[in-house]
Each structure stands twice: as structure tokens, then as C-alpha cells.
Amino acid sequence: MIYWFSILFLFVSFINVFPQITIDQPLSNSSFCKSEGLLFKFKTDKSIDILVKRKDSSNYHIINAYPINTNQYLWKEIDQYYLNTKLDFKIVNSSDYSDFILVNNITIYQNTEILSTSESSIFCEGESTELKVETVGFNLKYQWFKDDKILEGQTKHILNLNNLKYENSGKYYCLIKGELDCNTVQSNPIILYVATRTRIIEQPKDQGFAIGAYVKFSVKTHIAGNDEELKYQWYKGYKEIKDGDDNYTFLRFKPRIMGANSHTLEITFALYDDISDSIYCIVTGRCGSDTSHFA
């Protein structure tokens, strides 16, 4: 009788000394991203509580982890207080807090987020700009790319581009890395177009014309982007040419001069005064102005 009592006593003592919970996940000394949440997998037939404390604290607190399967709980709503620092966990038997297992030195890193990115823009040669990403995260590292190629040495959240040239045109973006691969994000692309100076690439033709003739002068201009609005002004000598210039009955009330502020100047009925001085055009655009040859 005494023998069987001793065996029973040892069995009960064994149960009390050794925990009835085994942990599969997470393992001690592991790191995770907040975006993933922290998944707990364990083996037990008991109801459990999961407690956490920071390494620099002595007080455990129950976490709000919700069950997703048998003996699997996910901790998703993680407070900033528990991020980017070492944590200790205690998985305990809800009815007997002396029955528990510890998981130590777990780190959960906050998500890497991009708050803002520079917008795509058009610049003129010789100008300067900076491309910027504003982020939040932990121990972030930056790497800028142009046209999918690494820009060596450009490892800050701001990319300075000085004395721009046409060759600086392209697609830029920044890769931001946190402590883990799951905390890596890429900015939206920033399209940069560097326009050469405003210039006339096709000059008005020098032509002789007689009084009463129909005459047309044209210029063609390099455009700094599809949305550029160019301003044209035709001159005769130092005097601006204006549309209209009186109506003549024999012209059937058509303007004698048209297009004084466009790329094509039309004189429907030439007068002696029209040939008394040189005709030329000044074009003003996003990147300065240019004066045509005399015609």
C-alpha cells in the first residue's frame, strides 16, 4: 500500500513540476514584423493566457491575442510600446499560473511606411532640385535608383540633383529597408524630365514679296514637355506686329495680318511698310526665350 502511494505521489509531483504546455512557435531569440502579427502555436489541453513584458520591465500583462485554430493564437493589435525592443512571453495555464512556459528575447519591428514622396516634375537644364521620401520605421536604410539602376552613394532619404542636364531625365525611386525583409518598401516612381533651353529649331524663310502678295512666316520650336505653353510674338524691326492692322474693303473684311502671337504669321495683303524692315519672332517658353533669324 505504501509502495503504490509513493508512486502516485511521484506522478503528481512530476505533473506539478513539469509544465503541461509545449511551444512550437515563436521560438526564443526570434524577430518579426508587426505587419505579420505574432503567431503562437503550442500543445496543451488546458485553457491558456498569453502574457508579455518588455525586457526592461518586471511586470507581465495579458495580451489580446485571438484564436485562429486549435492551440493557435494571433497577436495582431500590437501597441507601439512593445515594438523595436526585446520582449519576454509567458504562456500559462489559465486555471493554474504555476503551470507555464517562457519564450524570451522576441523582437517585433514596427512597419516601414512611406508618408510622402516627391512628385514628378519638369525642370530646365542648369536648375537644381531634391527628391525626397518621408518615412516612419525603425533603423531605416535608403537606396535610390534611376531607371532601375542603383545610384551609388545615394543612401539618404533626400536625393540632391544639382545643375541638371538632359541626361538626368528618367524614372527615380527609393528602396527603404527596415531590420527585416518584410519591412522593406519601395516608393512610387518619380518621373523627372530635364528640358533643354527654349530654342527655335526651324527658322522663318527669307523671302521676297511684292505689294499685295500673300506672305507666310513660320518658326518651329523645341518643346519642353507636352504641356508647355509657348508664347510667340512677331516683330517688324523693334515694333510688335499685331493682328488685324485695319480692314480693307477689297479684302472682304478679312484681317490683313493674322497669327502675330502664334508660330505662323500670315500677311494676306502685303504693303510697302511690311517690307521696310526685317521681320522676326521671339519665342518664350518654360526654359527661357529665343529669337529667330531675320526674314
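The values are calculated or read from the model by the stated rules, or taken from the named source; none is laboratory data. Nothing here was measured: the structure is a model prediction, and the numbers come from that model. Neighbour counts run over all protein chains shown; Cβ positions are idealised from the backbone, glycine included. Each accessible area value is taken on the protein alone, full model and side chains, heavy atoms only, with ligands, DNA and RNA left out. Shrake-Rupley method; radii C 1.70, N 1.55, O 1.52, S 1.80 Å.
Its alpha carbons give the stretch 56-124 an Rg and a Dmax of 19.4, 74 Å.
Absence of a disulfide-compatible partner, taken as no other cysteine beta carbon within less than 4.7 angstrom, is noted in the chain for Cys174, Cys281. Computed over the chain, the alpha-carbon pair-distance distribution with 10 angstrom bins reads 5, 18, 14, 12, 11, 9, 8, 7, 7, 5, 2, 1, 1, 0, each value a whole percent. If eta is 0.890 mPa s and T is 25 °C, what Stokes-Einstein diffusion coefficient results for the stretch 78-198, Kirkwood Rh from Cα pairs, in µm²/s? The calculation lands on 143 µm²/s.
Working from the Cα coordinates of the stretch 138-295, the gyration tensor eigenvalues give, after taking √(5λ), semi-axes of 54, 14, 10 Å in decreasing order. Think of a 1.4 Å ball rolled over the protein heavy atoms: the chain then has 60 Å² of accessible area per residue. Global size of the stretch 136-179: 11.7, 37 Å for Rg and Dmax (C-alpha atoms, Rg to one decimal, Dmax whole).
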